[in-house]
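The values are calculated or read from the model by the stated rules, or taken from the named source; none is laboratory data. Because the structure is predicted, anything quoted here is derived from the model rather than measured. When we count neighbours, we look across all protein chains shown, and the Cβ atoms used for this are built from the backbone with ideal geometry, even at glycine. We work out accessible area using only protein heavy atoms, side chains counted, and drop any ligands, DNA or RNA first. Shrake-Rupley method; radii C 1.70, N 1.55, O 1.52, S 1.80 Å.
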Amino acid sequence: MNIFLPLIFRIVSNPLTNVFQKKLTLQGSSSLWINFVSYFILSLICLVNAFFADWTFLTKEIVLYSLCGG
């Protein structure tokens, strides 16, 4: 159940944000700026959630592979 809600949110929000970004671009906003702001907001949301996550189940190998893989 922990992965179900974020997955549904991702499936619903991705097309909506694409439409919103396209509308802003058509109005004359810079697409680079729109992408920067979008990813910045998503990063802030992820950081807030990261403070409340339980990271103790991750092994050192998983963390290393995640850092190396990006």
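Summary table below
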quantity	calculated
Estimated 222 nm signal from helices in the chain, with DSSP H stretches of n ≥ 4 weighted -39500 (n - 2.57), rounded to 500	-26500 deg cm²/dmol
Cleavage-rule hits, chymotrypsin sites (Phe, Trp or Tyr not before Pro), the chain, DSSP coil, Cβ neighbours within 10 Å at most 13	W55, F57
Extended-chain gain in nm, criterion 0.36 nm per residue less alpha-carbon gap, S38 and A50	2.5 nm
Heavy-atom accessible surface of the chain: percent carbon and sulfur, 1.4 Å	73 percent
Options [x] 4.5; [y] 6.1; [z] 5.4 - which one matches mean projected area of the Cα convex hull in nm² as calculated here	[y]
Rounded to 10°, Cα long-axis angle of helix 4-26 versus longest principal axis of the chain	30 degrees
The stretch 1-42 residues near the modelled F57 label - backbone nitrogen below 17 Å, point 7 Å along Cα→Cβ	1-7
